[in-house]
Amino acid sequence: MRAKRLGFGCVVCAAGLFVLLPAFASDVGKRFPSEKMTTVDKVTGVRITALTTNQANDSKIYQTHPQWTTDGKYIIFRSNRAGGVYQAFAVNEVTGEIIQLTDGPGNNTSTLNIARKSMKLYFLRNVGGGAGATNEEATAESSSGGAQIQMIELNLETLFADSEAGKMKEQSAYERVVTTLPRGMRDSGGFGLDANENFAYIGVRGGDVGTHLPPGTKIVETAPGQRMGAGPGGIRSINLETGEIQVVIDVPFNMGHVQVNPWVPGEVVYCHETGGDAPQRMWTVMAGGSGNRPLYKETPDEWVTHEVIVTKDEVMFAILGFQPKLRTKPSGLAVINLRTDVMQILGQAPLDGPDRGFWHVNGSPDGRWGVGDTFAGNIYLINRKTSEMTLLSTDHKMRPDHAHPTFSPDSTRILIQSGLLTDGKSLDLMVIPVPSWHQNRR
């Protein structure tokens, strides 16, 4: 008779008997029962699968990064269901069962990176601060020089197997410290894994950041009305085997949204993050620091944001159009070719009414689809060949955070985070299918 460990110092058997056991020191590997349910969109009739439905705040990985494990079975997410402290979790898309992946203070779960070629998960951890510090407190302490930041590699294959068998080891048995950032240096804009997955490229500030700028470079200050944007910032490469850290580039502004082309080794896309409208948002550079240049040169009356690499040669992004003055130029879901700089607008949601235009966008790996969320929390699908735009799902609230749509690796499903079920009080993970009738159209 197979027993499943619940993580509260007991096991439950198929016959319904509970047997008390000593509690584990860590909740890594703890299994939560399925919360999976389906609902039908009241406007479109599309059937949506909610993978998390409790009162915790369950957030997907940011739209620039992979969401599914390489075996296609699990979606990795962050949640405060573990005593109010955000930790990493995995949900089985078929069974709905949830597994806890991290425990303890200092885990920066906003930096989760899933490997595409192995069952590995990478993230940052703040160490050296107070033992009882929350993740947010540890992050703040690291920025003031009181702690250091480690990059952690987590072996998901072993963790999943041991959790299923109810034979969890110490947390350290599943982790490897890849490297520790120099004291005083902190992440800024996250990190991404190279196409060959032998390097990570991380956005940074502090430490020696800025010392590699050409003499006389003017450092950007935070503009009036913006909450960030001041430099300097930089990108560093990290050898995932040896932990060696090398300079890629320093820039005079705040580093943001670092992502790496999963098809082209050493190609990095990053942004000037201001929390608002940057004068030149999107940039690209190669791993050796060569080829640094603006990607889509903006004009002062354009608001460019939320770029994401979608195919080997393309980046999708939003040119916001939520105000009449922003509609005096083309706006909407845009795509630019990294090789030719040719840009195309694929579509735009209405200005009149609640949508007010697209906010976050993404594209399918097979190159067939674009997807965007609107200011009203509606999700639109765009056929890239025909330009047909279809409303897929509605009323996802965009609070306490935005929907951030991302396609599955096989381009058949869209993962979002949604406040629909809680009226915007907390987020749940939801999967929206690309309707079969749409998939059959070319």
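Considering the range 32-136, the qualifying strands (runs of 3 or more DSSP E), each wholly inside and each with 1 or more residues that are within 18 Å of residue 161 (Cα to Cα), run over 74-82, 85-92, 98-100, 107-114, 120-127.
Residues of the range 251-272 that are surrounded by 18 or more Cβ atoms within 10 Å (Cβ to Cβ), at negative phi and part of a loop (DSSP other than H, G, I, E, B): 254, 261, 262.
Of the residues making up the range 146-173, those that are free of Cβ contacts under 8 Å to residues at least 40 places away in the same chain and of a type outside the set (A, V, I, L, M, F, W, C) are 146, 148, 150, 155, 157, 158, 164, 167, 169, 172. What residue, among those in the range 206-243 that are among the charged types (D, E, K, R) and part of a loop (DSSP other than H, G, I, E, B), is farthest from residue 177 (Cα to Cα)? Result: 218.
Against the conditions (1) crowded, with 22+ Cβ neighbours inside 10 Å; (2) of a type outside the set (D, E, K, R); (3) under 18 Å from the mean Cα position of the chain (by Cα), residue 275 satisfies every one except (1). Residue 129 meets all of the listed conditions (1) in contact with a helix residue (DSSP H, G or I) (Cβ under 9 Å, 6 or more places away or on another chain); (2) modelled with pLDDT under 55; (3) among the small types (Gly, Ala, Ser) but one, namely (2). Quick check: is even one residue across the range 36-45 touching a Leu at 6+ places or on another chain (Cβ under 6 Å) and of a type in the set (A, V, I, L, M, F, W, C)? No, that holds for no residue. The residue pairs whose first member lies in the range 177-198 and is within 22 Å of residue 66 (Cα to Cα), whose second member is crowded, with 18+ Cβ neighbours inside 10 Å and among the basic types (Lys, Arg), and whose beta carbons are closer than 6 Å, counting only pairs six or more residues apart or on different chains, are 188/205.
Within the range 304-345, how many residues are of a type in the set (D, E, K, R) and surrounded by 15 or more Cβ atoms within 10 Å (Cβ to Cβ)? Show your work before the answer.
Of the range 304-345, the ones of a type in the set (D, E, K, R) are 307, 312-314, 325, 327, 329, 339, 341.
Then drop every residue that is not surrounded by 15 or more Cβ atoms within 10 Å (Cβ to Cβ), which leaves 307, 312-314, 327.
Qualifying residue count for the region: 5.
Quick check on residue 247: is it at pLDDT 95 or above, among the aliphatic types (A, V, I, L, M), under 30 Å from residue 175 (Cβ atoms) and surrounded by fewer than 21 Cβ atoms within 10 Å (Cβ to Cβ)? So residue 247 passes the test.
Just one of (1) among the polar types (S, T, N, Q); (2) within 24 Å of the chain's Cα centre (by Cα); (3) closer than 27 Å to residue 27 by Cβ fails for residue 172. It is (2).
The values are calculated or read from the model by the stated rules, or taken from the named source; none is laboratory data. Note that the structure is a prediction, hence the values are computed from the model and not measured. Positions of Cβ are generated from backbone atoms using ideal geometry, with glycine treated the same way; all protein chains shown enter the neighbour counts.
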